[in-house]
Amino acid sequence: MAKVEKCSCGTDEEGLLERLTEIINTLKDKPGALIPVLQATQSLFGFIPQEAILKISEMLNEPLSKVYGVITFYSFFSLKPRGKYVIRVCLGTACYVQGANEILTALKQQLSVEIGETTPDKLFTLDVGRCFGACGLAPVIMVNDDVHQWVKPSDVKKILGTYSRRKVVNKEEE
Amino acid sequence: MEDTIKNTHSIKNAEELNALQSKLTSSKEFNSEKIYICAGGGCIASGSMKVKDAFVKQIAESKLNGTIEVMETGCLGPCALGPVVVIGKDDTFYQSVRAQDVKDIIENHLVGGQVVPHLLHLVGDTRVAKKSELPFYKNQDKKVLRNCGKINPVKIEDYIACGGYQALSKALSSMTAETVINEVTASGLRGRGGAGFPTGTKWGFARKYQDDEKYILCNADEGDPGAFMDRSILEGDPHSVIEGMAIGAFAIGSSQGYVYVRAEYPLAVERLQIAIDQARAYGLLGHHIFGTAFNFDLEIRKGSGAFVCGEETALITSIEGNRGEPRPRPPFPAEKGLWNKPTVLNNVETFSNIPLLINQGGLKFAETGTDKSKGTKIFALAGTVNISGLVEVPVGTPLRKLVYDIGGGISTGKPYKAAQIGGPSGGCIPAEHLDVPLDYESLNKLGAIMGSGGLIVMDESSCMVDVARFFLEFVQDESCGKCVPCREGTARMKQIVDRICQGQGQMSDLDELERLAGTVTNASLCGLGQTAPNPVLSTLRHFKDEYIEHIRDKKCRTAVCKDLIVFEILDACNGCQSCKKVCPVEAIHGEKKQHHIINTDLCIRCGLCLSTCKFDAIVKY
Ligand SMILES: Cc1cc2nc3c(=O)[nH]c(=O)nc-3n(C[C@H](O)[C@H](O)[C@H](O)COP(=O)(O)O)c2cc1C
Ligand code: FES
């Protein structure tokens, strides 16, 4: 599968849409290209914007209704912009029986958002997951691709702190 | 980990593979002394890469420079003890190693010859040094995981040196498609993805249907919460899956395969892609493999976070680029699968068994296991057990051995209550059945299933009604909504169990649950709905008294069900006011330095006060 790099030409939509066109061109002859294209779009923009949907529908020659249908079926695609850091609390069985719900409560309280919402500063989006395959370290939360294990509700503040401080330093490493 | 593809040329026949293997096994690198560092997902999360960097740097600066290789391996098994390091020359096992311990290990052990006691594993009061003597390893039988922890997963040369691709070579040079299928049938291997369908039979069906193209698919969606076997295989020994798929492709007559990996596993995707590229570079994927007419190539497709896509027809629909909704069977995928072509779908672990099976022969393979279920099974042991991690045992091993001998017993000191096996399609095994052999038939008799291998141990603090509610919520969330019995039936069941958890249940609810369960099981379109009632049925069967307590006495003995519990502040309260500050509904009253009180009418039982209190002055019951 084609590797998708974060656009280096700035984050303006125009530049990203151009980049998307290139990606679609490399993927469009693959059978079943829609989902790989949507995955590339999601990682390029951090969500799937309206303009991208129009472009995908046109270039892949798929009806808009189908593109929307696929986007809304899979939980990894988001129609709303997401925060820079997506926090996912594992609510898989191993994490659940070891107190994942309390972590979720603590996060909701610290961030003042509900599941699926993003903080006003666009830094954090709170979400839940169903097992990250790190059950041996339960309870687990993921912040983008970082795994934090054996989390206690009282750790939440510290974990959030390490990311909000990073905000000023530089872009997260992929 | 970076790509290690060198300028290689294709291996054209069995002799060239043998020659390469002997060259590799006699190489300096292969025979050098090694330090194995677990680079499984769990240990990486625990910081094993920092440990590795410290080893590399400090060895380079020491007089050992050039004599010892620091090797990243796949999952060594005991995730809870990570980061894990094994010293190759004397098989010493170090646990919970941090970067600052590296100096000790190098100076005292590698140079001085003395093990570092405080990093050893403790069994009772004794520290055990040798990995092979740890109860965790001693009681296992690592066959499928034989390479996991011994080879570097991103180096195909390591795999080849350990006999990798010999089975593919054997199949292509001295077997026919039919004899491969016969061996697989004779081995008695059953699918490891959950349903346990005989693999040889499945391949035989797909072989029978003629078409210009056939597909072979690997199910790496691993959606059961609490399962991480497939992840560990892909991360630790990806070539075994590629080799198994290639053999399967040869057997059914396919030239294109897809591996469908769930989105939550970026590391597995990365390592599998590296492995595919390396196999291509050696001509082990591509055209004219081993100089024969057999062509085969592989592509990775990533999932996008839908549990139902683990179901075979939904997975196929998803690769085709659609909403991952299952479709009715027949036609079965063996006849009309991906793009309506004959298709075989197997689980990661199933494929990983194949090279071993072909090398040994089916009958030898069948010597392990029980009468009806052959070989070994990998389990992901998690929950309240001391050593959670990845374990492999012969099919039919008693549950007790997994929990106590391998897992080291319950971590909380509380009694064992149940083990949940088989995820949302499975059930709970109570203490009186701890000796059940883990095989397909025995588990079915208890209302559980073997499933894919997730095994979650629960102690007395888990509420079994809440566990049933948890799984109903899961299947409700993940039901694709295509068929009514699954979509509406599970919603109705969840309403009832919710009500019971809130203390508003009636005794007649229990019959209603069983009746609904029957309908959902019989009338749903795919396995998700057909098995969704299992967690409820199994808890009703083994823990009915807890349901009755919730309904009749309005009591949750584990204080898990929020509506049935009360929070109280004890005399230990010193009036620090932190609970009062965090309470989101201002239900806590009290002056500074005075004993505080919770107004139970206002309290929403969020538990924040309890987790905030530093003086253990708050209890729930
Ligand atoms: C809802 C649902 C989810 C499933 N998820 C998985 C999965 O994550 N991994 C898997 O290998 N099989 C899964 N299965 C089973 C597959 O449908 C299929 O039986 C299996 O992949 C076949 O491979 P095997 O014969 O090697 O076991 C799932 C089935 C259902 C009904
Ligand atoms: S249950 Fe949370 S990581 Fe598996």
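Just so you know, all these numbers are worked out from the coordinates, no wet-lab data involved. Computed from a predicted model, the values in this text were never measured in an experiment. Please note: Cβ atoms are built from the backbone with ideal geometry, for glycine as well, and neighbour counts cover all protein chains shown.
Below is a table of values for the structure above.
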quantity: Cα gyration tensor shape for chain B, rounded if a/c is under 1.5, else prolate or oblate; calculated: oblate
quantity: Tilt relative to chain B, helix B:464-478 - C-alpha long axis, 0 to 90 degrees, to 10; calculated: 60
quantity: Nearest 10 degrees, 0 to 90: helix B:238-252 Cα axis against chain B principal axis; calculated: 70
quantity: Degrees, to the nearest 10: B:14-25 long Cα axis against longest axis of chain B; calculated: 60
quantity: For chain B, with +1 on Lys and Arg beta carbons and -1 on Asp and Glu, the positive-most of B:113, B:350, B:246 along the dipole; calculated: B:113
quantity: Lys, Arg +1 and Asp, Glu -1 on Cβ, resulting dipole of the protein assembly as shown about Cα centre, debye, nearest 20; calculated: 620
quantity: Cβ-based charge dipole, chain A, positive-most Cα from A:148, A:77, A:17; calculated: A:148
quantity: Inter-part distance where the stretch B:562-598 and the stretch B:167-225 are each reduced to a Cα centre, Å; calculated: 62
quantity: For a label point 7 Å along the Cα-to-beta-carbon line of residue B:363, residues of the stretch B:179-218 with backbone N under 17 Å; calculated: B:179-189
quantity: Stretchable slack from residue B:616 to residue B:27, in nm (0.36 nm times residue separation minus alpha-carbon distance); calculated: 206.0 nm
quantity: Rounded to 5, the percent of DSSP beta bridges in chain B classed as antiparallel; calculated: 55
quantity: Beta bridges by DSSP in the stretch B:32-131, antiparallel share as percent, to the nearest 5; calculated: 60
quantity: The stretch B:84-157-the stretch B:380-420 distance, computed between alpha-carbon centres (Å); calculated: 21
quantity: Average partner coverage of A:95-106, which counts Cβ from other chains inside 10 Å; calculated: 6
quantity: Per-residue Cβ neighbour rank within 10 angstrom, fewest leading, B:123, B:154, B:180; calculated: B:123, B:154, B:180
quantity: Total charge dipole magnitude, chain B, about the Cα centre, Cβ charges on Lys, Arg, Asp, Glu only, Debye to nearest 20; calculated: 160
quantity: Cβ-based exposure ranking for B:614, B:341, in which fewest neighbours within 10 Å come first; calculated: B:614, B:341
quantity: Span from the the stretch B:459-516 Cα centroid across to the the stretch B:247-289 one, whole angstrom; calculated: 40
quantity: Only Lys, Arg (+1) and Asp, Glu (-1) charged, at Cβ; the stretch B:405-454 dipole about Cα centre in debye; calculated: 240
quantity: Considering only the protein assembly as shown, percent of DSSP beta bridges that pair antiparallel, nearest 5; calculated: 55
quantity: Using a Förster distance of 51 Å, the FRET efficiency for residue B:297-residue B:114 (Cβ separation, nearest 0.05); calculated: 0.50
quantity: Cα gyration tensor category, rounded, prolate or oblate, for the stretch B:465-621 with a/c compared to 1.5; calculated: prolate
quantity: Cβ-based net charge around residue B:457, under 14 Å, with every Lys or Arg adding one and every Asp or Glu removing one; calculated: +1
quantity: Neighbour-count ranking [beta-carbon atoms within 10 angstrom, fewest first] of A:148, B:121; calculated: A:148, B:121
quantity: Out-of-range pairs (alpha-carbon distance over 21 Å; input B:445/B:494; B:34/B:103; B:103/B:138; B:374/B:445); calculated: B:445/B:494; B:103/B:138
quantity: Positive-end residue, the protein assembly as shown charge dipole about Cα centroid, Cβ charges, pick of B:140, A:27, B:197; calculated: B:140
